[in-house]
Ligand code: SF4
């Protein structure tokens, strides 16, 4: 229990760990989908608190990690245009494309700016009418409503120089892919709390029913995750497969209606390629045709690119819980957070990077 | 670019996963779809869009993600979460703490 004294509430953590220990009679494989949760699990050594028979595998829920190489390359192409200001959340700047990242593009003279909110990008467009301002619209369902609102606002104001390079992804289709894959090992899921704060958990109830798999909507703190694990083990041990909500202080069944409405207004569901996994049907969002004037791919007539990912990277298996990061031959040798070969090493929330930071010496 | 270096070393940036609690101080704008507020994050104030929490009033606590309040939460929860995020160093990189 190496980190337990760091817990905000060590007594509760120990009690929950005890509960899990007591309840589990068989081996179970659980997956947390969200990268933020992966980070907490690793940082607090939660895997060491619970019995070895309960295995945690880390899912594909890091938008930084799953944005395809091609999109990063497109972003770099746009950023390099002399008339363009390229704006992005800070997380995306150090994601390597096939040859370089946006930080390098910036050091070579591209006007790349980090914004805290997509509305800041709209403000940059207002303030720079002679420039084209492109915002990198990435993320899961948590971020999509904010990005939708920025496009909505730009249209409302009639801004002619604002557009979005959209690479949004959705969580439930990725879970479905994992559940359908022939080698699937995952028997229970912790669903991402903030995604569900927006979307509610109706879709997860459908998945639970269809695949007879328990799903618990979980928060982000160590005790939240221990509680979610305990709830999953209790379901598995009694043969239940329901959706339960551990994070009820921020999440309800229906989610945030206002946020869902603006998403539906501006975006439509599309197929998306996930870095390290490949294309997943109906797993992302794109701008609706009526917003084509704000779609950077259309405005700048971007040609579709196809780039191969490094062959030694087994991230598709890692992201589906079929292989541990340390089992990858490149892990910690040719692939490190300084020089990531594949998606899960890119961001601190990625499974390989989190493993590298916290478990490398185990 | 220090944040670049920090992130490369693996301490983590959380921008797209992070939702930070803050207290609504005052509201501005009459259009309910584009109402904004000054939100206080334990001393640091930011302008936050309330389009998704139209019911939020001054004094309420909200969970803020990329400049938008995504849900209202109670004050105890807000304080606990804020302290937790601070303790893991997640706030500094995003400018919510000094
Ligand atoms: S360690 Fe690197 S190369 Fe191996 S799976 Fe992870 S990201 Fe890919």
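The values are calculated or read from the model by the stated rules, or taken from the named source; none is laboratory data. Fair warning: this is a prediction, and the values are worked out from it, not measured in the lab. Because the Cβ atoms are built from the backbone with ideal geometry, glycine has one as well, and the counts that use them run over all protein chains shown.
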Within the range A:316-340, the residues that are over 18 Å from the mean Cα position of the chain (by Cα) and more than 16 Å from residue A:58 (Cα to Cα) are A:329, A:330, A:332, A:333, A:334, A:335, A:336, A:338, A:339
Residue list for the range A:137-152, restricted to those being without any contact (Cβ under 8 Å) to a residue 40 or more places away in the chain, more than 7 Å from every other protein chain (Cβ to nearest Cβ) and over 19 Å from residue A:282 (Cβ atoms):
A:150
Within the range B:37-58, how many residues are facing chain A (nearest Cβ under 9 Å) and either at pLDDT below 90 or touching a strand residue (DSSP E or B) at 6+ places or on another chain (Cβ under 9 Å) (or both)?
7
Which residue out of A:254, A:285 is within 24 Å of residue A:344 (Cα to Cα) and modelled with pLDDT of 95 or more?
A:285
Mind telling me which of the residues A:125, A:191, A:174 ends up being buried (at least 20 other Cβ atoms within 10 Å of the Cβ) and modelled with pLDDT under 95?
A:174
What residue, of A:257, A:360, A:264, is more than 22 Å from the chain's Cα centre (by Cα) and within 14 Å of chain B (Cβ to nearest Cβ)?
A:360
Restricting to helices (runs of 4 or more DSSP H) lying wholly in the range A:251-362: which have 3 or more residues that are under 21 Å from residue A:77 (Cα atoms) and away from the ligand (no atom under 11 Å from the Cβ)?
A:296-299
Tell me, please, whether a residue that is within 14 Å of chain B (Cβ to nearest Cβ) and without any contact (Cβ under 8 Å) to a residue 24 or more places away in the chain can be found in the range A:270-283.
no
Inside the range B:59-77, can you point out the residues that are farther than 24 Å from residue A:151 by Cα and either modelled with pLDDT of 95 or more or at the interface with chain A (Cβ under 10 Å from one of its Cβ atoms) (or both)?
B:59, B:60, B:61, B:72, B:73, B:74, B:76, B:77
